[in-house]
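Each remark here refers to the structure printed beneath this line.
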Amino acid sequence: ELLHCERVWLNVTPATLTPERADYGLLPLHAIGVRAGNIAALVPMAQLSGPYPAHWRDMQGKLVTPGLIDCHTHLIFAGSRAEEFELRQQGVPYAEIARRGGGILNTVRATRAATEHQLFELAVPRVMALIREGVTTLEIKSGYGLTLVDELKMLRVARRLGESLPIRIKTTLLAAHAVPPEYRDDPDRWVSVICQEIIPAAASAGLADAVDVFCEQIGFSLAQTERVYQAAVDHGLPVKGHMDQLSNLGGSTLAARFRALSVDHLEYLDQQGIAALAEHGVVATLLPTAFYFLKERQFPPIAALRQAGVPLAVSSDINPGTAPIVSLRMAMNMACTLFGLTPVEAMAGVTRHAARALGEQERLGQLKLGMAADFLVWHCTHPAEISYLVGVDQWVSRVVNGEETLA
Ligand SMILES: O=C(O)CC[C@@H]1NC(=O)NC1=O
Ligand SMILES: [Fe+3]
């Protein structure tokens, strides 16, 4: 089947990350061929004899993996919380910083004031940093606009990043990120605006691929979360949740009832929630960078999640408040170092499990015939290096939708 491919990479060592294997799914030397944006051939070199179609490259045995998927980011924002970082390091408590107008609402003010083009320009270097790390699919949330106009503005910027840069973008509406100042006295009315105005507008404009809620004491209650989830489902949108990050409101169980794609953070997830996730195949997304930056003490129940067979994803949670570290591979390293994941689990967490967290498990996240031709050929000699060594460029060929990208 190589002869029908548009491009072929010879002598690669595939790490397939298919679910049948408990390891990287490493195969001996293969040729990988693409056609019409998909993986059209994956053939052992031992079975090959020339001639080979045009556009082939000999990769001399280099490792090839599925493209990395960062399934949870807030990387579109204006302004900076660096000054708050300084205050915090001087010992000023969070509550005092919030009282002074800091926190999420600081970023909301700056993001509302920024134009669509300014937000795009601010986001490009952050996306390019992830592209350099090997990310080929990236989820970006809204949540710093907190008005109909500004939430849609953020989602349009996210869509434009995918149209302008060699990366797949999935968008998530997170209008339920914080209560904007205009609704401080009546949060339920903000939830009504989300359900009756923002979700319908985002859905009909095709701007949102999913709907997320920050279900937390300092965010939205279980009842408010349920209202937003019901509106999402009524408009054909899947849901996900920032759940059990600082306390347990029972959000994961509710999310599982709504067949959520994923629940994320999970430091306070309990056995009831774990059972609900396992029953409905919901992905548990670990966000170790926020745990690290907030100096959290409560670990997510990794062993219990493993025991229950809940798929673990790993993501950067890039955001100006609790995860100002623009690196998926640093998050992989922290998932291993802080949370005790193995490098194999971290790799599965940014490939097939991250794809599932975005509802893309049929198309992305594995090296498998017929799946999207999103893959990386690495200098690395061992797949664990992708979680181990952070900060250096290490891919020699980056392919998205079958096209080799040089950025
Ligand atoms: O501080 C910010 O800007 C976002 C915080 C971030 N958002 C959320 O839902 N959980 C978080 O840690
Ligand atoms: Fe987040």
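Data table
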read-out	value
Globularity index of the range 3-148, i.e. its alpha-carbon radius of gyration over 2.2 N^0.38 Å	1.59
Over the chain: Rg over Rh, Cα atoms, Kirkwood Rh	0.98
Debye intensity ratio I(q)/I(0), log10, the range 319-407, q values 0.18 Å⁻¹ (C-alpha model)	-0.94
Cα convex hull of the range 162-220, projected area averaged across orientations, nm²	5.0
Percentage relative contact order, the range 136-291, counting C-alpha pairs under 8 Å, at least six apart	16
Ellipsoid equivalent to the range 299-350 - semi-axes via the Cα gyration tensor, in Å	20, 12, 9
Highest-MSF residue in the chain out of SER315, SER192, SER49 [GNM, Cα springs under 10 Å]	SER49
Loop GluC sites (Glu not before Pro), the range 64-117 (other Cβ atoms within 10 Å of the site Cβ: 13 or fewer; DSSP)	none
Descending semi-axes in whole angstrom, ellipsoid equivalent of the range 122-268, from the Cα gyration tensor	25, 18, 14
Neighbour cut-off at most 10 other Cβ (10 Å), DSSP loop, chymotrypsin sites (Phe, Trp or Tyr not before Pro), the range 266-334	none
Cleavage-rule hits, GluC sites (Glu not before Pro), the range 288-367, DSSP coil, Cβ neighbours within 10 Å at most 14	GLU362
Estimated [θ] at 222 nm from DSSP helical runs (n ≥ 4, -39500 (n - 2.57)) normalised by residues in the chain, nearest 500	-9500 deg cm²/dmol
Euclidean distance between Cα centres, the range 106-141 to the range 348-406, Å	21
Separation between Cα centres of the range 296-333 and the range 173-215, rounded to whole Å	25
Largest-first principal axis extents, alpha carbons of the range 1-71, Å	36, 26, 20
Pairs of lysines in the chain (C-alpha under 18 Å apart; 8 or more residues apart or interchain)	6
Compactness relative to 2.2 N^0.38 Å, alpha carbon Rg of the range 258-381	1.05
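Values in this text are rule-based calculations from the coordinates and carry no lab data. What you are looking at is a predicted structure, and each value in this text was computed from that prediction instead of being measured. Cβ: placed from backbone, ideal geometry, glycine included. Neighbour counts: every protein chain shown.
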